[in-house]
Amino acid sequence: MTESKIVTASEDSLQIQFEQKICQEVNGQISDFVEAFESFTKDMPEIREVVATYCAVTVYFNPEKCSVSVIREIAQNVLDKLNGASIKDSVPGRIINIPVCYEDQEFAPDLQNVCTNTGFNREEVINLHSSKDYLIYMLGFLPGFPYLGGMDERLETPRLENPRTRIPAGSVAIGGKQTGLYPVESPGGWQIIGRTPLKVFDLKRNPAFLYKAGDRIRFVPVSRQEFDSFDEKKWLETKVTDSSDSKVTEENSPAQDVSRRRLPKYVCTSGVKILDAGLCTTIQDEGIIGYQKFGIGQSGAMDIESFHFANRLCGNDENSACLETTLKGTDLCFTLPCDFAITGAEFKNAFLDGKPVPMNTCIHAEKNSVLSCGFASKGLRSYIAFAGGILVPEIFGSRSTNLKSRMGGFWGRKLQKGDELAVGWKKQTAEYEPALKIMNSFFTQNNEILTIQCLKSSQFDFFSKESVEVFEDSVYTVNAQSDRMGIRFEGRSLNCGKTDIISDAIPFGAVQITSAGLPVVMAADRQTTGGYAKIACVTKDGMCRLAQAVPGTKVKFEII
């Protein structure tokens with residue numbers, strides 16, 4: 001095994017970096033490490049997830065229950081035991097046959113571009129693309145998005161100069177030296193050469209995923225007629241093979257049980273109807289934990305402290321689902337009596353039936369009472385908790401909304417006028433005094449520079465001393481294009497040239513540096529993997545402060 005390096009990626013993750021080379025040998029080393037590490041830590045619930053990527057393994061853990069030094073020691077022990085050992089013959093993964101219609105312009109709008117670029121005709125391109133089995137190195141970016149190796153080099157085609165805002169689910173595409181499959185609708189710049197009728201990621205099906213890292217994908221050409229008459233159940237029963245001729249079933253699924261929608265355990269005792277949803281109001285909890293290796297993003301509350309505080313005020317479990325609003329609050333009507341509380345960004349013009357509503361206080365609302373929040377006068381994101389929590393189905397163990405993946409919460413989207421939400425009941429003891437002191441420190445005054453603490457992250461050594469000094473010495477401005485996926489900044493460039501890396505895991509708060517030399521702090525709805533170097537990772541406390549930073553806020557990063 002080649003020499004590996006262990007680096008801190010964030011407060012709650014450690015990364016083991018292998019040789020930076022996309023090949024089956026490195027993939028084998030990573031598989032061996034993951035198998036040994038997971039075997040060693042199987043009785044350690046503080047290990048949240050192990051995410052394998054092309055050339056690295058990222059271990060996520062609970063920092064409140066386990067120190068980073070313990071994880072580092074375990075990782076090093078595993079590496080030492082594997083060092084010098086021969087790589088085991090890998091067990092052949094399953095072959096997942098994916099039907100693809102290449103022949104219709106609707107499904108293959110860019111196939112002619114590939115022909116023009118490569119010099120092959122349409123039939124030759126289709127034959128080359130479908131004649132290989134593609135190894136799945138990892139899943140990331142989108143739920144179930146496979147990073148494939150093995151495409152014929154002769155099919156290499158540059159990405160589109162102007163990326164599409166919408167690529168339909170099931171699209172098969174080529175981007176540079178890679179080919180890929182879009183499990184869900186997404187923006188993208190790859191050349192679309194076909195589409196599959198098979199839902200490779202489907203929350204209504206168990207298993208939700210058809211494959212895992214280590215499996216192989218084989219694209220099987222089908223006609224438009226076969227596409228239109230496609231029988232998914234019959235295909236899955238006959239077209240997935242391996243050495244033991246096993247099929248995709250719940251028993252051998254890599255994601256068994258992850259797609260089950262569990263009914264709420266709480267009794268529904270109240271509810272609210274949305275009268276005005278504001279600019280961006282979603283249902284959030286702490287987010288999805290443990291499924292990044294399948295490409296499932298974490299999502300969850302941006303300002304976790306304000307979220308927890310709101311629930312404590314209502315006597316809820318800290319992870320009860322509540323509303324997260326952005327800048328403009330929501331107006332709603334209580335369909336039954338209910339207690340509620342508002343934390344986070346401050347509403348000076350919040351009223352309940354015409355009477356002012358104080359922040360950070362548990363308030364009782366009667367049936368047909370109307371809450372009107374208005375715009376936030378300080379901060380950006382507010383949290384409205386209801387006693388018992390909002391009752392929506394759990395997906396992957398969470399009720400949070402991931403807007404990027406259109407999943408979870410209320411049909412995977414922002415709330416709209418007319419939406420009705422059920423509220424449950426699980427009363428505990430309200431605790432809020434310690435938290436209130438923390439909340440008051442989250443907001444900046446006019447023209448105040450917000451200092452954000454962060455740790456060195458995965459590619460810190462990628463940057464020169466001069467670039468690091470620019471990063472720490474500069475004052476950046478929060479860009480208006482910031483959202484739940486990432487907080488963007490304007491300011492002085494690090495002038496570090498291209499910052500492309502071989503894609504690896506992205507922790508919450510990771511500070512990616514774009515090719516323009518500017519930082520982007522990756523937030524709740526970030527993709528699970530990405531290809532920009534990460535100079536640092538913002539602390540949990542710092543992310544709560546950034547979650548409240550309105551566009552125009554001045555920010556200075558401090559590496560600790």
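The values are calculated or read from the model by the stated rules, or taken from the named source; none is laboratory data. Just so you know, these numbers come straight off a predicted model, no measurement behind them. With ideal geometry, Cβ positions are generated from the backbone for all residues, glycine too; neighbour counts draw on all protein chains shown. Note: accessible area is taken over every heavy atom of the protein model, side chains too, but ligands, DNA and RNA are not part of it. Shrake-Rupley method; radii C 1.70, N 1.55, O 1.52, S 1.80 Å.
Using the Stokes-Einstein relation with a Kirkwood hydrodynamic radius computed over Cα pairs, the translational diffusion coefficient of the stretch 485-560 at 4 °C and a viscosity of 1.567 mPa s comes to 102 µm²/s. Couplings 3J(HN,Hα) for the stretch 416-423, derived from phi with the Karplus relation 6.51 cos²θ - 1.76 cosθ + 1.60 (θ = phi - 60°), are 10, 4, x, 5, 10, 10, 8, 10 Hz, where x marks Gly and Pro.
Were the residues from ASN121 through GLU46 laid out at 0.36 nm apart, the gain over their Cα-Cα distance would be 21.6 nm.
Protein heavy-atom accessible surface, 1.4 Å probe, per residue over the stretch 441-560: 40 Å². Treating each Cα of the stretch 107-238 as one equal point scatterer and applying the Debye formula with no solvent, the log10 of I(q)/I(0) at q = 0.09, 0.12 Å⁻¹ comes out as -0.24, -0.44.
Couplings 3J(HN,Hα) of the stretch 222-230, computed from phi: 10, 7, 5, 5, 5, 4, 5, 9, 4 Hz, in residue order, whole Hz [Karplus 6.51 cos²θ - 1.76 cosθ + 1.60, θ = phi - 60°; x for Gly and Pro]. Mean silhouette area of the stretch 258-361, derived from the convex hull of its C-alpha atoms and averaged over all directions, reads 7.7 nm². In this Cβ point-charge picture (+1 for Lys and Arg, -1 for Asp and Glu), the stretch 259-391 has a dipole of about 340 debye about its Cα centre. Secondary structure note: in the chain, about 90% of the DSSP beta bridges are antiparallel. The label-point distance for ARG154 and LYS378, in a model that sets each label 7 Å from Cα toward Cβ, rounds to 6.8 nm. Listed peptides 370-377, 355-362 appear in the order 370-377, 355-362 once ranked by packing, highest mean of other Cβ atoms within 10 Å at the front.
Accessible area per residue was computed with a 1.4 Å probe on protein heavy atoms; GLU366 scores about 100 Å². Checking the cross-link pairs LYS132/LYS233; LYS65/LYS414; LYS404/LYS556; LYS328/LYS367; LYS42/LYS456; LYS204/LYS540 against a 26 Å limit on the alpha carbon distance flags LYS65/LYS414; LYS404/LYS556; LYS42/LYS456; LYS204/LYS540 as lying beyond it. Among the protein heavy atoms, those of ARG195 account for about 40 Å² of accessible surface (1.4 Å probe, every chain in place).
What is the log10 of I(q)/I(0) for the chain, computed with the Debye formula using one identical point scatterer on each Cα and no solvent, at q = 0.10 Å⁻¹? Values, matching the q order: -0.90.
Calculated on the Cα set of the stretch 275-429, radius of gyration then Dmax: 14.4, 49 Å. Accessible surface calculations at 1.4 Å, restricted to protein heavy atoms, place the stretch 52-194 at 44 Å² per residue.
For the chain, the longest principal axis of the C-alpha atoms and the axis of helix 68-82 are separated by about 10°.
Between the helical axis of 304-313 and the longest alpha-carbon principal axis of the chain there is an angle of about 40 degrees. Working from label points 7 Å from Cα in the Cα-to-Cβ sense, the LYS554 to ILE6 distance is 4.2 nm.
Computed from point charges on the beta carbon alone (+1 for Lys and Arg, -1 for Asp and Glu), the dipole magnitude for the chain about its Cα centre is near 1000 Debye.
Mean sequence separation of contacting Cα pairs (under 8 Å, at least six apart), scaled by the length of the chain, corresponds to a relative contact order of 14 percent. Which FRET efficiency, nearest 0.05, do SER39 and LYS348 yield, Cβ-Cβ r, R0 56 Å? FRET efficiency, SER39 to LYS348: 0.50. With R₀ set to 30 Å, the beta-carbon distance separating LYS204 from ARG166 gives a calculated FRET efficiency near 0.85. Taking the stretch 281-313 and a reference point 7 angstrom along Cα→Cβ of LYS65, the backbone N atoms nearer than 18 Å belong to 286-292.
Between LEU139, THR118, ILE167, the Cα set farthest toward the positive side of the dipole of the chain (charges on each charged residue's Cβ, about the Cα centre) is that of ILE167. Taking all protein chains as present, what is the carbon and sulfur share of the accessible area of the chain, in % to the nearest whole number, probe 1.4 Å? Here carbon and sulfur together make up 48 percent of the probe-accessible area.
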